[in-house]
Amino acid sequence: MKWTPDKIKSLKNKDKWIALTAYDSITAKWSDDEAVPLILVGDSLGMTALGYDSTLPVTMDDMLHHTKAVTRSVDKALVVADMPFMSYQSSVEDGIRNAGLFIKDGNADAVKIEGGIFRSQLIESLVNNGIPVLGHIGLTPQSIKQIGGYKVQGKTDLDHQKIINDALAVEESGAFAVVLECIPKKLSKKISDIISIPTIGIGAGPDCDAQIIVISDLLGFTNKSLPKFAKYYVDICSLSRSAIQRFKNDVLNNDFPNDEQSY
Ligand code: KIV
C-alpha cells in the first residue's frame, strides 16, 4: 500500500507512528521496508551529509539530487521533499515553481514548508495546485538568523499563542500534517488536541501524533553531539571507525586481501 496524504491524515487519534528523514537510497529503503509511513528528505541534509553548519546554504539542486535518490528506492512511504531556504520565501510563484520541480523531477509525493500564518497563502496555493504540503512550525531552522539560535520556542504567553495560531493557520490552509519542532510538551499537547491533522514532533514531547527523528541522529552517523531531543539507537560512528582501523590493520598485516578475496 502506498501512503497518501489522506491516509496520513486518517492516522489522527489512532496509534502513534513514526517518520524518519532520509538523504540516500539505502537508508530510505531500510525505512520503507520497516513500514515507516512518511520519509522526509530534510534540508538537514546540509548538516548530515554536505558539511554545512546550518540548513541555509542548501540549494534546490542539492535537494533535488537527494530527493531523486530517495524516491528511486521507496515504494510505500509518502516521500516529502523539504523546500530549501529561498526556494519559496521570495514569492508564492517561486514557491509553486520550485515545489513543482520536486513533484515532476524529484518524484516526491509532497513538500514541506516552514512557517505558519505568514505562509498560509503559499500553502493554500500549493494545495489548490495539487501539491500536498506538510507544515513546519515552532523552531523553524531557516529563520535561525532572525531567531538568534536553536532555542525552544513558545515559552512566553505571547509566543505560545502565536504558535497555536500558526498551527490553526497551517491546518486551515490545507496542509495534511504539521511538524512541531522544539516547543514545550504542554504546548504540543494542546495543539495536538485542537487541530484535526496529525502533529509530528521533534523536540516537542510525547503527546504528538507521531515522532520524527533525523536518521543520522538515530544511527549515530554523525561527528557531532546530538541535540537534547535526539537519541541514537546504534553507534554507527564508533562501529565505522573501528571497521576502518581493522581494515587498515589487516592490510598492514597482509591479512587483506587473502585467498578468499583474491582471484
Ligand atoms: O530538515 C529536517 O530534517 C527537518 C526535520 C527536523 C523535521 O525539518
* With θ set to phi - 60° and the Karplus curve 6.51 cos²θ - 1.76 cosθ + 1.60, what are the ³J(HN,Hα) couplings of region 190-202 in order, to the nearest whole Hz, using x for Gly and Pro? -> 4, 4, 4, 6, 9, 9, 9, 9, x, 9, 10, x, 9
* Got a sec? How would H66, H136 order by Cβ neighbour count within 10 Å, fewest to most? -> H66, H136
* In a GNM of the chain with a 10 Å cut-off on Cα contacts, which of I163, I137, I194 has the highest mean-square fluctuation? -> I194
* Asked: Simple spin-label model, 7 Å along Cα-to-Cβ: D255 to H65 in nm?
  -> 3.7
* **Using θ = phi - 60° and Karplus 6.51 cos²θ - 1.76 cosθ + 1.60, couplings along region 3-9 (whole Hz; Gly, Pro as x)** => 6, 10, x, 5, 5, 5, 4
* Structure fact -> Expressed in nanometres to one decimal, the distance between label points 7 Å along Cα→Cβ at D193 and K151 is 2.7
* Excluding residues on the same chain fewer than 8 positions from K2, give the aspartates and glutamates whose Cα lies under 16 Å from its Cα. => D32, D33, E34, D75, D109
* Computed over the chain, Cα set: Rg, Dmax in Å -> 19.6, 71
* Asked: For the chain, what is the charge dipole size about the Cα centre, in debye to the nearest 20, if Lys and Arg each add +1 at the Cβ and Asp and Glu each add -1 at the Cβ?
  -> 640
* **the chain: most fluctuating residue of P206, P227, P57 per GNM, C-alpha cutoff 10 Å** => P227
* Structure fact -> Percent antiparallel among DSSP beta bridges confined to the chain, nearest 5, equals 5
* Asked: For region 108-120, what does the Karplus curve 6.51 cos²θ - 1.76 cosθ + 1.60, with θ = phi - 60°, yield as ³J(HN,Hα) per residue in whole Hz, taken in order and with x for Gly and Pro?
  -> 6, 9, 6, 10, 10, 10, 8, x, x, 3, 4, 9, 3
* Asked: Counting DSSP beta bridges with both partners in region 115-263, what percentage is antiparallel, nearest 5?
  -> 10
* To do: With a point put 7 Å past each Cα toward its Cβ, work out how far S240 is from T222 in nm, to one decimal.
  => 1.3
* In the Gaussian network model of the chain, springs joining C-alpha atoms below 10 Å, which of N253, N223, N129 carries the largest mean-square fluctuation? -> N253
* Net charge of neighbours whose Cβ lies under 9 Å from the Cβ of M63, counting Lys and Arg as +1 and Asp and Glu as -1 -> -4
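Read-outs throughout are calculated quantities, based only on the coordinates presented, and are distinct from any laboratory measurement. Everything quoted here is computed from the prediction, not taken from an experiment. No Cβ is skipped: glycine too gets one built from the backbone with ideal geometry, and neighbour counts run over all protein chains shown.
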